[in-house]
Amino acid sequence: MIILGIDPGLTCTGWGIIAKAGSRLSHVANGQIRTDTALSMAERLVELDAALTDVILRHQPDAGAVEEVFVNVNPQSTLKLGQARGVAMLSLARAGLPVAEYPTKVVKKALVGTGGAEKQQVQAMLRILLPGVKLAGADAADALAVAITHGNMLGSHR
């Protein structure tokens, strides 16, 4: 099974793809999508959708998982994050993929053992779980963590 994890953001959306065979996980690809800040909100959302659709078409995942929105101190930032998240979910659903959602704390707990883990701890665990992985950046790392969480949750539901 191929799983696409997404860490949504308007400025930078991370994506990570893993393959799951039984209990074995392996890295397929990861990257970051940056939108042009000179464009309007609508144009940036179209740009994000097009890039995610390209990732989906290129890698043909069987399922997608998206990190849930956390509430920022700045309500405008939360709204923008929510719009990017909506586009991510739409891109996955349009491709006919089942879409799962995971809160940040659940992702961190699934990988590191504590919901309050730091980004560096998550990245260190990714390097253990996916030997040789080259992370495209922090957002890509978070997306791989979401994909792994989904892969592990699938196994626990059976």
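Read the figures in this text as sums done on the coordinates, not as results from a lab. Not measured: the values here are computed from a predicted model. With ideal geometry, Cβ positions are generated from the backbone for all residues, glycine too; neighbour counts draw on all protein chains shown.
Roughly how tilted is helix 138-157, in degrees to the nearest 10 and between 0 and 90, from the longest Cα axis of the chain? Helix 138-157 sits roughly 50 degrees off the main axis of the chain. Axis angle, to the nearest 10 degrees, between helix 119-129 and the longest C-alpha principal axis of the chain: 50 degrees. Rounded to the nearest 20 debye, the dipole magnitude of the chain is 500 debye, with +1 charges on Lys and Arg beta carbons, -1 on Asp and Glu beta carbons, and the Cα centre as origin.
Here the mean projected area of the convex hull built on the C-alpha positions of segment 1-59 is 3.9 nm².
Based on Cα contacts under 8 Å between residues 6+ apart, segment 22-158 shows a relative contact order of 30 percent.
Computed over every Cα-Cα pair of the chain and binned at 5 Å starting from 0, the pair-distance distribution P(r) comes out as 2, 10, 20, 24, 21, 14, 7, 2, 0, 0 percent. How high is the FRET efficiency from residue 37 to residue 1, r the C-beta distance, R0 41 Å, rounded to 0.05? Efficiency for this residue pair is about 0.70. What net charge is computed for the residues neighbouring residue 107, neighbours being all others with C-beta under 12 Å from the C-beta of residue 107, Lys and Arg scored +1, Asp and Glu -1? With Lys, Arg at +1 and Asp, Glu at -1, the neighbours total -1. Of the beta bridges in the chain, as assigned by DSSP with both residues counted there, near 65 percent are antiparallel.
Students often forget the sequence filter, so: which lysines lie under 22 Å Cα-Cα from residue 108 once same-chain residues fewer than 8 apart are removed? Hits, sequence-local ones excluded: 20, 119, 134.
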